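Contents: one structure, followed by commentary.
The values are calculated or read from the model by the stated rules, or taken from the named source; none is laboratory data. Predicted, not measured: the structure shown is a model, and the values here were computed from it. Positions of Cβ are backbone-derived with ideal geometry, glycine not excepted, and every protein chain shown enters the neighbour counts.
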């Protein structure tokens, strides 16, 4: 009975990661446009959708969160403002870098970064938040470092971009853990609102120097990114986390980069090297080792999977 009851939640979690796994398609369809311009409209449309949803369907949650901030101690309010602003800047950086990597480097680099991201988040959690790590997790971290060395010996540019994507999102997840008492959808809405307030005046910078025609194709693909690859999977994960543990979500999240890899080779005909293949195998093994013995992972409600630009990691 319990398994049957959980099925809709598993289905929702799997569906979200499968959706995010296909993010290269709309991004590749926008490859002729500047990455900054894609980011500009992606953030703008996403925040519009989230505001509409919050004001029409989640007003009570929005009011409760704002009241919680209002009644907090001055130090807590300052911390809320600081980490909300920092989170918005980190998320925007992550989105922009990922868009650029998918369209101008390769899908493999973007996918590698999101295999690496959860382990980097664990290291940052240990260093900054004093979160304990088991022996097998330290072994996984060592293997991840080895995979980075392998990538770096072949293509240092790919490694640096992978690290920028992974670190920007890992630091973002740390800010989410610090603000864990607040509703995640409200936080994301405020973060994107602040991010757009910062980038809004710089449209000409994001548009680039070359003249660009924003036609129906552009706005259709950006709408797909915002609606299908951000808001929809976000709410699917909210639903899934009502019953599934963050450990289960942590396993499901690897559906995303695996699909990215498959598409990179089978559909987009990307090439790779033996060194890259070895690095990907090592990082994949490290992921398996890291997730061994999931006992003790906190249960429902302790985290939320939030997409940077269609890829994922888990806030525990």
Here are some residues: 288, 258, 292, 281. Which one is surrounded by fewer than 20 Cβ atoms within 10 Å (Cβ to Cβ), closer than 30 Å to residue 145 by Cα, out of contact with any strand residue (DSSP E or B) (no Cβ under 9 Å at 6 or more places or on another chain) and at pLDDT below 80?
292
For the range 195-219, give me the residue count where each residue is surrounded by 13 or more Cβ atoms within 10 Å (Cβ to Cβ) and modelled with pLDDT of 90 or more.
3
Residue satisfying condition, being crowded, with 21+ Cβ neighbours inside 10 Å and at pLDDT 85 or above, within set 241, 232, 266, 225:
225
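Quick one: in the range 295-305, of everything that is surrounded by fewer than 19 Cβ atoms within 10 Å (Cβ to Cβ) and at negative phi, which residue is modelled with the highest pLDDT?
295
Do you know which residues across the range 21-44 are surrounded by fewer than 19 Cβ atoms within 10 Å (Cβ to Cβ) and more than 11 Å from residue 99 (Cβ to Cβ)?
22, 25, 29, 32, 44
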